[in-house]
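The values are calculated or read from the model by the stated rules, or taken from the named source; none is laboratory data. Quick caveat, the model's predicted, so the values are computed rather than measured. Heads up, the Cβs are rebuilt from the backbone with ideal geometry, glycines too, and the neighbour counts pull from every protein chain shown. Surface accessibility is based on the protein's heavy atoms, side chains included, excluding ligands, DNA and RNA. Shrake-Rupley method; radii C 1.70, N 1.55, O 1.52, S 1.80 Å.
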Amino acid sequence: MITALKLTFLLLGIGFCYRLQHSDTNEETRAAQPSKYGSLWPLPQKVQISEVSFKLSRASFQIIDAEQSFADPTCRLLQDAYRRYYEYIFVGAQTHKSSSNKRAGRAELTELQVRITSPDTECGGYPEVTSDESYELSVDQPFAVLKAPKVWGALRGLETFSQLVYEDEYGAKSINSTVISDFPRFRHRGILLDSSRHFLPLKVILANLETMAMNKFNVFHWHIVDDQSFPYMSQTFPQLSKQGAYHPYTHVYTPTDVKIVIEFARLRGIRVIPEYDTPGHTQSWGKGQKDLLTPCYSGSEPSGTFGPVNPILNTTYDFMKRFFTETSSVFPDAYIHLGGDEVDFTCCLLNSKEIRDVNFVFIFLSDRLLDIVTTTKKGYMIWQEVFDNGLKPDTVVHVWIGGESNEEMGKVTGAGYTTILSAPWYLDYISYAQDWQRYYKVEPLNFNAQKKLVIGGEACLWGEYVDATNLTPRLWPRASAVAERLWSAMNVTDTTDAFNRLSVHRCRMVERGIPAQPLFSSYCPSEYKGI
């Protein structure tokens, strides 16, 4: 009996110690509290929300073009957005409450009038790095007004308007009188998804594009191919996917699939930037393109394995010119990401004397390949290793090494290069507790150099351990923290208020059908119902 009691107390002690190690005592009783900003995410630049509230009725409320708007009913982008946000407004239920809702006879808001103020609405175009996403929103009687110079700002304002709507204690849809003036802090706010290490079905990509719009991201960095597989179906070189994809029919992106992704993204104000990582990360390319890769040797004999793209054959450049001419016509964005990271030089060092010079491989990338892309009228982005070895002055450098230290950002911008930050936002690294706070606390401009050269950043979710089963909950709402850091003002750093707003925003994503994982112990009024 005594032995049994000792064992019981020992187990209780171990359990108590484990609980201390695996819980944040400050989080133990934490629950979201109402924020003065409601559930707005990311937080607008200027916002005033009053206690005066209005009712919204599904039967009478409508989103329409204002009479003074330069856009008209032929603008498919806006008309699709009106329908989409109308459904979001009247399907989701919010938990924000206001004492003013208890008053009987409240006024009703019957319209949101959208006014595009510029004659060049850009309705039929594609978003660009210079696109204007600013907007002004006024919610008052007799109707709400959303003004934006371009359609891209109207899309952001529609998302904001939908976030202001909540369900009061009587089950009625309500919105408070509000005035907002808003614009993004950074013009490049991206998500990188990796469809090579695990194939991502089209439906999963589209669902995450939809969620990106809910968080005001505007760049989908599509890491479409890599060593593991080549799912992009090239019409010029069909053998690349036939030989390099996991499966030549089921695990490929057809030209129609790519068009669907690009148009779906365009309608949400999102650019699609493809990445074709070269000269390394190209093992899958070599399966369908003979002599593209550098052969490795064991002594004086070929070993049967291959290194990076072979820089000494003219056929390499012929292939690259034709391939990037095709992809440049397929993807309308002004930029292509060319990678350039983690090049293994082992084969080069053991191969013929012509390619024993490691820098020769980088000359291949920084000169010949960039020249090829330039002829297609495209700009190019590369990972920071290429900067470390020298490159052309008009290159956009993507910083991924250095973690939360901004030393590399100082070096790159100090050398005069336009820069994108991802180093502290690798979401494939997961940890216990609320790691979103670590991403949220990052200040992209915490360095001494030419800060104006930083055009934004990206949250990256690499695919070694991620496929369709776990991508979305691993990405959201952790990426939402990056969204607010890249959109909102520099002084928006209160993690307590962020927790309060993000908790409700996460529930809103769940209500809209997105399986975003919880921040902490909690519940949503409308829980995720599964597939």
- request: Confirm whether Glu167 is farther than 15 Å from Tyr82 by Cα and modelled with pLDDT under 95.
  value: yes
query: If the Cβ limit is 6 Å and pairs must be 6+ apart or interchain, which residue in segment 463-482 that is basic (Lys, Arg) pairs with which residue that is assigned to a loop (DSSP other than H, G, I, E, B)?
result: Arg478/Leu427
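Confirm whether Asp257 is farther than 21 Å from Ser480 by Cβ, of a type outside the set (Val, Ile, Thr) and at pLDDT 95 or above. Quick ask: steps written out before the conclusion?
Values: farther than 21 Å from Ser480 by Cβ: yes; of a type outside the set (Val, Ile, Thr): yes; at pLDDT 95 or above: yes.
So Asp257 passes the test.
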message: Which of the numbered conditions does Arg474 fail, given that it passes all the others? Conditions: (1) more than 19 Å from the chain's Cα centre (by Cα); (2) surrounded by fewer than 23 Cβ atoms within 10 Å (Cβ to Cβ); (3) part of a helix (DSSP H, G or I).
response: (1)
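Results for (1) of a type in the set (Asp, Glu); (2) farther than 30 Å from Cys507 by Cα; (3) more than 28 Å from the chain's Cα centre (by Cα); (4) modelled with pLDDT of 95 or more, shown as yes or no for each residue.
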| position | (1), (2), (3), (4) |
| --- | --- |
| Lys203 | no, no, no, yes |
| Glu210 | yes, no, no, yes |
| Asn215 | no, no, no, yes |
| Phe220 | no, no, no, yes |
| Ser241 | no, yes, no, yes |
| Phe264 | no, no, no, yes |
| Leu267 | no, no, no, yes |
| Tyr276 | no, yes, no, yes |
| Gln283 | no, yes, no, no |
message: If a residue must be touching a His at 6+ places or on another chain (Cβ under 7 Å), open to solvent by 10 Å² or more (accessible area, probe 1.4 Å) and of a type in the set (Gly, Ala, Ser), how many such residues does segment 175-224 contain?
response: 0
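Among the residues of segment 125-184, which ones are among the hydroxyl-bearing types (Ser, Thr, Tyr) and farther than 28 Å from Arg106 by Cβ? It would help to see each step written out before you state the result.
Of the residues in segment 125-184, the ones among the hydroxyl-bearing types (Ser, Thr, Tyr) are 126, 130-131, 134-135, 138, 160, 162, 166, 170, 174, 177-178, 181.
Once the filter is applied, which keeps residues that are among the hydroxyl-bearing types (Ser, Thr, Tyr) and farther than 28 Å from Arg106 by Cβ, segment 125-184 yields Tyr126, Thr130, Ser131, Ser134.
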field: 2 or more residues of a type in the set (Gly, Ala, Ser) and either open to solvent by 20 Å² or more (accessible area, probe 1.4 Å) or within 30 Å of Ala213 (Cα to Cα) (or both): qualifying strands (runs of 3 or more DSSP E) within segment 225-332
entry: 301-309
Given (1) assigned to a loop (DSSP other than H, G, I, E, B); (2) of a type in the set (Val, Ile, Thr); (3) within 25 Å of Gly339 (Cβ to Cβ), index of the condition Thr493 fails: (3)
task: Return the pairs, sorted by first residue and then second, in which the second residue is at pLDDT 85 or above and basic (Lys, Arg), the first residue lies in segment 367-394 and is more than 17 Å from Thr325 (Cα to Cα), the beta carbons are less than 9 Å apart, and the residues are 6+ apart or on different chains.
output: Gln384/Lys411; Phe387/Lys411; Asp388/Lys411
task: Could you look through segment 450-469, keep only residues that are surrounded by fewer than 19 Cβ atoms within 10 Å (Cβ to Cβ) and touching a helix residue (DSSP H, G or I) at 6+ places or on another chain (Cβ under 6 Å), and pick out the one that is farthest from Leu200 (Cα to Cα)?
output: Gln450
- prompt: Looking at (1) touching a Phe, Trp or Tyr at 6+ places or on another chain (Cβ under 8 Å); (2) outside the structural domain of Arg84 (by the TED database), can you tell me which one Glu122 breaks?
  reply: (2)
- line: Restricting segment 391-434 to residues that are within 20 Å of Gly463 (Cβ to Cβ) and polar (S, T, N, Q), the one most open to solvent (accessible area, probe 1.4 Å) turns out to be Ser431
query: Between a first residue in segment 242-263 that is over 16 Å from His198 (Cβ atoms) and a second residue that is among the charged types (D, E, K, R) and surrounded by 15 or more Cβ atoms within 10 Å (Cβ to Cβ), which pairs have beta carbons less than 7 Å apart while being 6 or more apart in sequence or on different chains?
result: Gln243/Lys287; Pro248/Lys242
- request: Of all residues in segment 486-531, count the ones that are open to solvent by 20 Å² or more (accessible area, probe 1.4 Å) and aromatic (Phe, Trp, Tyr).
  value: 3
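Suppose the filter is more than 20 Å from Leu293 (Cα to Cα), outside any helix (DSSP H, G or I) and modelled with pLDDT under 80; does Lys392 pass it?
For Lys392, the condition - more than 20 Å from Leu293 (Cα to Cα), outside any helix (DSSP H, G or I) and modelled with pLDDT under 80 - is met.
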